[in-house]
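Inspection log for the structure reproduced underneath, given as structure tokens.
The values are calculated or read from the model by the stated rules, or taken from the named source; none is laboratory data. This is a predicted model, so every value here is computed, not measured. Neighbour counts are summed over all protein chains in view; Cβ atoms, including those assigned to glycine, are modelled from backbone coordinates with ideal geometry. Keep in mind that these areas ignore ligands, DNA and RNA; they rest on the heavy atoms of the full protein, side chains included. Shrake-Rupley method; radii C 1.70, N 1.55, O 1.52, S 1.80 Å.
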Amino acid sequence: MHWTRTIQRCALALSFGVAAFVARDPSAPAQAANTSVAAETASRQTTGQEWWRHAVIYEIYPRSFQDSNGDGIGDLKGITSRLDYLQDLGIDAIWLTPIYPSPGIDYGYDISNYTAIDPIYGTMADFDNLVAEARKRNIRVIMDYVINHTSDQNPWFIESRSSRTNPKRDWYVWHDGKGETATDKGQPPNNWQSWFGGSAWQWDEKTRQYYYHYFYVQQPDLNWNNPEVRKAMYGVLDFWMQRGVGGFRIDAVSRLFEDPKLHDDPYLPGRNAYGDRNIEHKYTDDLPEVHDVLKEVRAVVDRYPGDPVLVTEADEPNVQALTRMYGNGDEVQLPMDFQIADVNELSAPRFRELFNEIENNNAHGQPEYFFSNHDQRRQWDRYGDGVHNDQIAKLMAVLELTTRGTPQMYYGEELGMRTTDPARIEDVHDPIGRRGWPKDKGRDGERTPMQWDAGPDAGFTTPGVKPWLPIPPSAATYNVETESKNPDSIYNTYKRLLALRKTNFALRDGSQTAVDNNDPDVFAFLRRSGNATVLVALNMSAKTRKVSFHLAGMGVHGSLLSPLYSSPSQSTAPTVDRVVLAPFGTLVAQVQ
Ligand code: GLC
Ligand code: CA
């Protein structure tokens, strides 16, 4: 067993071009590895050649990707069986949402053991095999690192709640209630609210104190001021790095610390879907100590070769806060840009402004772009206008895949999968969907099974087996098998753009500068590298638009455009002076 793993790790070192990779006994304490690795990493960072700068990340919701054993739930063997598909599509890394043992209240985001695999997804051997098979195809595996909270069934919390003097008491956030007496639990310590509705404080009768939970009651927050918590959670990083993962996506990172003085959060007007007063999470979000943790996490993973990447779920309120996630190049490489993901309308001025802002971030950090994930309604309907959705899906693909950052896709977006909410409250899995019904139907709608073929089970599970969430009716036409036969499908649009990104230097590496800055409908920009210039133009309106670009002032003198991709495909050759874009039409062209 030990030998097998050593061989696998050496294979990783070779296939990813890593110079020095020393296999270690996973049970040995992680030590700062050799300094030459650190020096090598530092020099690679300044040359800008790290793999994640040119990678396309693909988020997989393991429950919904591919079932291999006929229980209606996706699993690791299922993912492994679909690696050829991902390689053929042009994916470089997969991010797996949590696959650790969990009671499943928040579908894996409530973890009871950080260093094991939930049997529903398979075994550790299945995981090792997935990493090894992915590596053969030059695909890295990124793990979800859920560190704000654990499950209430995690042995750490079970101990913590067992008595006020338990050594793990301080691993979580415990406080007395207001006006508590021997017989009365009083009121919660303050007005802090859970993101998922109701008070963020839960009374625990046994030890007569409240514990804090930013998310569900079953997800108590860890106390990141406690050094033992840090040590334990950094050990988790070592565990998975030693199994050959390519990095981590850090969950809910801005929620790690709370105001020790317990100030009340300010209320905002109105109420949310759960009936609570709206509130600004001023004293529980983005406290400065978050950055100490990010630096420490980075230092742990940087002991390993192969340029491990950190991605953060950073739903920051503005570009300044987002930029802080990069630190001085010593925190996160890829903070997910929620500003851009959540424009939520096709607005050329708004996209232009936000892309400009992040392109010019003063940390010179690499942007990370995405439009869909397992918490958000899918982009097909969120950006679709109800009439041109397929064309808009292609426009969104161009926006995501021709801009300069690292794109992050969500499984099935390449097919135009749409959000399919449960029809009845009885069918809802995600607890917030039951709590918020019908205003907020929860997140099941964006987590439906991957659509592989036109059959009744969409190729997701064994015929006749009921999948954990129903197959959307749209699977009959929006699926891999059907779309791969149609050169004009959304799937083939993604495939072509992904290939283009890899082969065209300007698209792969070039700078990005917006042009035609006052156009209300067309968002256009140049990607430039050396003498090569690519123009990308996106008509974000339902009108046909004729545009002429004035590029001479930017030092671009060519006037011919040779299309690399356009949709719908252009019948007459465009020139810089005359580009005609159909409603929601796009053009990606080399300037000659
Ligand atoms: C993140 C996850 C989400 C989860 C929450 C609590 O936002 O993406 O799915 O519910 O954290 O862990
Ligand atoms: Ca299964």
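Out of the total accessible area of the stretch 510-591 (probe 1.4 Å, heavy atoms of protein only), what percent is carbon and sulfur?
Working: 1690 of 3420 Å².
With neighbouring chains kept in place, the figure for the stretch 510-591 is 49 percent.
Taking each pair of different alpha-carbon atoms in the stretch 128-192 once, compute 1/r for the pair, average those values, and report the inverse of that mean as the Kirkwood hydrodynamic radius in Å to one decimal. Could you put the intermediate results ahead of the total?
Working: mean 1/r = 0.0639 Å⁻¹.
Result for the stretch 128-192, one decimal place: 15.7 Å.
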Given the pairs Lys282/Lys394; Lys178/Lys206; Lys168/Lys261; Lys77/Lys466; Lys206/Lys441, which are separated by over 28 angstrom at their Cα positions? Lys282/Lys394; Lys206/Lys441
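Using only Cα atoms, what is the ratio of the radius of gyration of the chain to 2.2 N^0.38 Å? Present the calculation step by step, with values, prior to reporting the outcome.
Values: Rg = 24.5 Å, N = 592, 2.2 N^0.38 = 24.9 Å.
This ratio for the chain stands at 0.98.
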Run the simple label-point estimate for Thr115 and Asp259 please: 7 Å along Cα→C-beta, distance reported in nm. 3.8
Asn344-Asp176 pseudo-label distance in nm [points 7 Å out on the Cα-to-Cβ vector]: 4.2
Can you tell me the orientation of helix 290-301 relative to the chain, as the angle in degrees between its alpha-carbon axis and the longest Cα principal axis, to the nearest 10? 80
Please compute P(r) over all alpha-carbon pairs of the stretch 510-591, binned at 10 Å starting from zero, and give each bin as a whole-number percent. 19, 58, 22, 1
Eigenvalues of the alpha-carbon gyration tensor of the stretch 344-475, times 5 and square-rooted, give semi-axes in Å, largest first, of 31, 17, 14
Hey, rough spin-label estimate for Thr207 and Lys282, points 7 angstrom out along Cα→Cβ, what's it come to in nanometres? 3.1
Reciprocal mean inverse distance between Cα atoms of the stretch 276-344 - Kirkwood radius, Å: 13.3
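Where does the charge balance sit around Arg447 when Lys and Arg score +1, Asp and Glu -1, over other residues with C-beta under 9 Å from its C-beta?
Numbers: positive: Arg63, Arg443; negative: Asp430, Asp444, Glu446.
Cβ neighbours under 9 Å give a net charge of -1.
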How much of the DSSP beta bridge set in the chain is antiparallel, as a percent to the nearest 5? 65
Quick one: helix 490-503 against the long Cα principal axis of the chain, what's the angle to the nearest 10°, folded into 0 to 90? 80
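As a test of the formula, what do you get for the chain when each DSSP H run with n ≥ 4 contributes -39,500 (n - 2.57) and the sum is divided by the residue count, at 222 nm and rounded to the nearest 500 deg cm²/dmol?
Numbers: 17 runs with 156 residues, N = 592.
That comes out to -7500 deg cm²/dmol.
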Name the residues whose placed amide hydrogens come within less than 5 Å of the amide hydrogen of Val522, ignoring near sequence neighbours (fewer than 5 apart) on the same chain. Met540
First check a/c for the stretch 76-168, with a ≥ b ≥ c the square roots of the eigenvalues of its C-alpha gyration tensor; if it is under 1.5, answer rounded, and if not, answer prolate when a/b is larger than b/c or oblate otherwise. prolate
When the Karplus curve 6.51 cos²θ - 1.76 cosθ + 1.60 is applied with θ = phi - 60°, which whole-Hz ³J(HN,Hα) does each residue of the stretch 547-561 get, with x for Gly and Pro? 10, 10, 9, 10, 9, 4, x, 9, x, 9, 9, x, 10, 8, 10
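Which order do peptides 180-190, 286-296 fall in by mean Cβ count within 10 Å, highest first? Don't jump to the answer; show the numbers that get you there.
Details: 180-190: 13.9, 286-296: 16.5.
Packing proxy ranking, top to bottom: 286-296, 180-190.
Over the chain, average the accessible area per residue using a 1.4 Å probe and give it in Å², no decimals. Numbers along the way, then the final one.
Working: 22860 Å² over 592 residues.
For the chain, the solvent-accessible area averages 39 Å² per residue.
Could you sort 246-257, 366-377 so that the peptide with the highest average Cβ count within 10 Å comes first and the rest follow in order? The partial results should precede the final answer.
Values: 246-257: 24.5, 366-377: 21.1.
Per-residue mean Cβ counts within 10 Å order the peptides as 246-257, 366-377.
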Stretched out fully, how many nm does the piece from Lys502 to Gln87 gain, at 0.36 nm a residue minus the Cα gap? 148.1 nm
Roll a 1.4 angstrom probe over the protein heavy atoms and tell me the percent of accessible area of the stretch 157-241 that is carbon or sulfur. 53
Sorted by chain and then number, the residues having a modelled amide H within less than 5 Å of the amide H of Ile147, at least 5 places away or on another chain, are Asp251
Can you tell me the order of 483-495, 447-459 when each peptide is scored by its average per-residue count of other Cβ atoms within 10 angstrom, highest first? 447-459, 483-495
Measure nothing fancy, just the Cα-based angle from helix 35-47's long axis to the longest principal axis of the chain, in degrees from 0 to 90, nearest 10. 40
